[in-house]
Amino acid sequence: MNKSQERYQNMFSLFRTLRLEGTLTQSELKDRLHLQASTISYLVNDLKREGLLQLSSLENSAAKGKVGKPGQYLEIANEHSYFLGLYLEETFIDLHVIGLADQEVHFQHIPLENPTPQELIQKVVSLIDHFTTVYENIKGVGLAVKSVVDKDGNLSSFKRTINDREVPRIWKVEGFTASIRAAFPNLEIVVENDANCAAVYCQTASKQETASSMVFIINQKPFGIGSGIIIDGKLFKGCNGASGEIFFSDRTIQNLVEQNSLHQDPVQLIRLLAESILKALYLIDPQFVTLTGGLLSDLSSQSIASIKAVFKDAPYPIEVISQEHLSLPAKGAVLLVADTYISTVLSGIERR
């Protein structure tokens with residue numbers, strides 16, 4: 001690795017560490033990144049000049065006496081740039097505006113009425129156009145979609161069908177990503193499967209960057225289940241973007257869930273899905289597992305404990321994230337697009 005590449009990697013690591021931790025002193029950054037104090041000082045000064053870092057009002061008495069600038073916290077400048085995060089479901093779009101420091105500044109839940117593929121593209125373009133006018137410093141858009149996103153950015157889902165004059169056919173949106181990018185050539189655009197995005201967010205939040213993990217998104221109305229897979233810290237998509245899709249040999253399980261969704265609680269529905277989830281877990285053998293999605297919104301602590309008990313014999317720590325409109329997919333999509341944007345910015349910074 002040459003000096004220029006090394007400097008870029010150090011800046012990127014410093015940025016991601018601060019985004020994750022919120023605030024740290026130069027001394028703490030030196031310890032976290034295992035770099036010399038002078039190197040940290042150069043990096044911090046360069047990032048400050050670009051407006052990416054700023055001093056926090058917090059004080060750190062524990063940092064006194066250490067190398068660096070004791071007592072001064074540094075933080076990412078959240079308002080330096082904003083990003084749109086959209087979670088596209090069959091019946092709604094959850095829209096977030098999130099700053100560079102991963103701090104949310106706006107949220108909106110937008111109902112959908114089963115749009116056609118072309119109507120979906122038009123709706124997304126309209127939303128991006130509106131919010132980039134409201135927030136002029138939006139630099140990128142991350143879209144998390146409940147479907148497979150192939151290597152060309154097309155969307156498809158065998159779990160959805162379109163009824164036309166002939167026979168039901170698989171729901172597809174050809175050219176989705178290309179259409180969004182063509183409409184907004186000056187923005188960074190990332191389109192990814194919703195479970196993959198949630199996996200990225202959970203991996204970041206866990207602070208276990210090199211771990212292997214799985215996230216299962218389970219939605220109830222309409223029913224759907226899929227997983228995002230991280231292997232050795234990297235998102236695994238497979239050859240066509242369909243890795244992590246949960247396969248049922250027939251509609252028995254899906255029918256049971258759909259028919260009983262109004263009469264059974266989430267714990268009972270998880271029991272119906274447990275075998276499929278366990279098969280996926282043993283295949284990948286991850287270090288930690290997260291269950292989330294609409295089915296698990298607003299659960300009581302008792303229900304969460306009961307769900308964990310379903311998997312008590314599995315050798316994996318399982319976390320259940322239950323909070324309405326948490327929108328892990330949208331927030332994961334923002335992390336992906338923010339990393340793409342900041343990578344470009346850091347590559348252009350010259351040392352002074």
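Where does the longest stretch of the chain lie that holds no chymotrypsin sites (Phe, Trp or Tyr not before Pro) found in a DSSP loop with 15 or fewer other Cβ atoms within 10 Å? Maximal segment without exposed cleavage sites: 1-246. Given their separation in residues at 0.36 nm each and the Cα-Cα distance between them, Asn137 and Leu58 gain 25.8 nm when the chain is fully extended. Mean separation of Cα pairs under 8 Å and 6 or more residues apart, divided by the residue count, gives the chain a relative contact order of 16 percent.
A full extension of the chain between Ser206 and His109 corresponds to an added length of 32.3 nm, given 0.36 nm per residue minus the alpha carbon distance.
Summing Cβ point charges (Lys, Arg +1; Asp, Glu -1) relative to the Cα centre of region 73-152 gives a dipole of roughly 120 debye. With 23 Å as the limit, the listed pairs Lys3/Lys331; Lys146/Lys207; Lys48/Lys207; Lys279/Lys331; Lys151/Lys172 have Lys3/Lys331; Lys146/Lys207; Lys48/Lys207; Lys279/Lys331 beyond it between alpha carbons.
Extension gain for Ala178 to Ser4 (0.36 nm times residue separation, less C-alpha to C-alpha distance): 59.4 nm.
Each of (1) 31, 25, 20; (2) 36, 20, 17; (3) 38, 25, 18 is a candidate for semi-axes √(5λ) of the Cα gyration tensor in Å; the one calculated from this structure is (3). Say the dipole of the chain comes from +1 at the beta carbon of Lys and Arg and -1 at that of Asp and Glu; which of Asn78, Val200, Ile349 then lies farthest toward its positive end? Final value for the positive-end residue is Ile349. Please grab the % of Cα pairs in region 77-154 that end up more than 17 Å from each other. In whole percent, the share of Cα-Cα pairs in region 77-154 beyond 17 Å is 45. In this simple spin-label model, placing a label point 7 Å from the Cα along the Cα-to-Cβ direction at both Glu275 and Ala305 gives a separation of 2.9 nm. Rolling a 1.4 Å probe across all protein chains gives Thr292 an accessible area of roughly 10 Å². Applying a DSSP loop filter and a limit of 16 other Cβ atoms within 10 Å to the GluC sites (Glu not before Pro) in region 102-142 leaves Glu113, Glu136.
In percent, how large is the relative contact order of region 90-151, given Cα pairs closer than 8 Å and 6 or more residues apart?
Relative contact order here is 25 percent.
The values are calculated or read from the model by the stated rules, or taken from the named source; none is laboratory data. Note that the structure is a prediction, hence the values are computed from the model and not measured. Because the Cβ atoms are built from the backbone with ideal geometry, glycine has one as well, and the counts that use them run over all protein chains shown. Each accessible area value is taken on the protein alone, full model and side chains, heavy atoms only, with ligands, DNA and RNA left out. Shrake-Rupley method; radii C 1.70, N 1.55, O 1.52, S 1.80 Å.
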